[in-house]
Amino acid sequence: MLNHYSISKSVWWITLSLLLIFATMLYAREIMSFEKANKSVFPEATKFNEELVLLTDEQVQLFNKNSGLPLNSRIFRYVSVFQNEHTIGYTAIQTVPGKNHPFTIMVACSNQLEVIKVIVLDYSSPYGGEVQRSDFLHQFAGKSISDKLQIGEDIDGISGATYSSHSVADGVRGILSILSAIFE
């Protein structure tokens, strides 16, 4: 036989569970679409060409070595950005591990493969979201594959977002290594 106490306790647990599910759904969000991010970095662009490249074994090994991350796919997606008929830059995305959930970054670079901007496109974890702050992301501007791109060396990490900070740096290194292998 159920008493009033056990029914109240059950209702309380169900309510709490529903609130947690709802809170997680609210927090998981796309911050900016890939297309909108491209246009925000390159407002002068007249054309964006999406390219797909099947990476060679050597390119996959290069990515893994430089980034320390597993490659999501052998198919690498990037965008060539044009102003009239001149290539002015490239963008690419990479999903990187967060402390609780993976998140996606976009790296925009010049046609010389120097970082112009890093943007966090989505972030769903309740922890480490500080990596979205512009003061952290601006540290990557002007960097290239010849830079270390290491937290604690040429990039300052964020206390409270240590794991995610490392993941962003790893993702940037990985993207630059692939773009360098494709274009140099």
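Remarks
Conditions (1) surrounded by fewer than 20 Cβ atoms within 10 Å (Cβ to Cβ); (2) closer than 19 Å to T87 by Cβ, marked per residue:
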{"position": "M106", "(1), (2)": "no, yes"}
{"position": "V120", "(1), (2)": "no, no"}
{"position": "S146", "(1), (2)": "yes, no"}
{"position": "E184", "(1), (2)": "yes, yes"}
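- Looking across S124, S80, one residue alone is closer than 19 Å to E35 by Cα, surrounded by 15 or more Cβ atoms within 10 Å (Cβ to Cβ) and of a type in the set (S, T, Y). It is S80.
- Of all residues making up region 129-146, the number that are touching a strand residue (DSSP E or B) at 6+ places or on another chain (Cβ under 9 Å) and either outside any helix (DSSP H, G or I) or aliphatic (A, V, I, L, M) (or both): 6
- Enumeration of residues in region 70-88 that are within 24 Å of Y163 (Cα to Cα) and without any contact (Cβ under 8 Å) to a residue 12 or more places away in the chain: P70, S73
- Residue list for region 41-72, filter: of a type in the set (S, T, Y) and more than 15 Å from the chain's Cα centre (by Cα): T46, T56
- Residue check, T95 under 17 Å from S180 (Cβ atoms) and in the same structural domain as E35 (by TED's automatic domain parsing): no
- For the residues T91, T104, the requirement of being β-branched (V, I, T) and in contact (Cβ under 8 Å) with a residue 40 or more places away in the chain singles out T91.
- Qualifying residue in region 91-104 (condition: of a type in the set (S, T, N, Q), surrounded by fewer than 16 Cβ atoms within 10 Å (Cβ to Cβ) and either part of a strand (DSSP E or B) or touching a Ser or Thr at 6+ places or on another chain (Cβ under 9 Å) (or both)): yes
- Region 131-141, residues that are surrounded by 16 or more Cβ atoms within 10 Å (Cβ to Cβ) and under 14 Å from the mean Cα position of the chain (by Cα): V131, Q132, F136, L137, F140
- Residue within region 57-74 that is in a strand (DSSP E or B) and either exposed (fewer than 10 other Cβ atoms within 10 Å of the Cβ) or modelled with pLDDT of 95 or more (or both) present: no
- Region 29-53: number of residues that are assigned to a loop (DSSP other than H, G, I, E, B) and free of Cβ contacts under 8 Å to residues at least 60 places away in the same chain: 4
- Residue check, G171 part of a loop (DSSP other than H, G, I, E, B), in the same structural domain as A45 (by TED's automatic domain parsing), under 13 Å from the mean Cα position of the chain (by Cα) and touching a residue at least 60 places away in the same chain (Cβ under 8 Å): no
- Taking residues in region 126-140 that are in contact (Cβ under 8 Å) with a residue 12 or more places away in the chain, and partners anywhere that are part of a loop (DSSP other than H, G, I, E, B) and β-branched (V, I, T), the pairs with Cβ atoms closer than 9 Å and at least 6 places apart or on different chains are G128/I158; E130/I158; V131/I158; Q132/I31; R133/I158; F136/I158.
The values are calculated or read from the model by the stated rules, or taken from the named source; none is laboratory data. Small disclaimer: the values here were computed from a predicted structure and weren't measured. Neighbour counts are summed over all protein chains in view; Cβ atoms, including those assigned to glycine, are modelled from backbone coordinates with ideal geometry.
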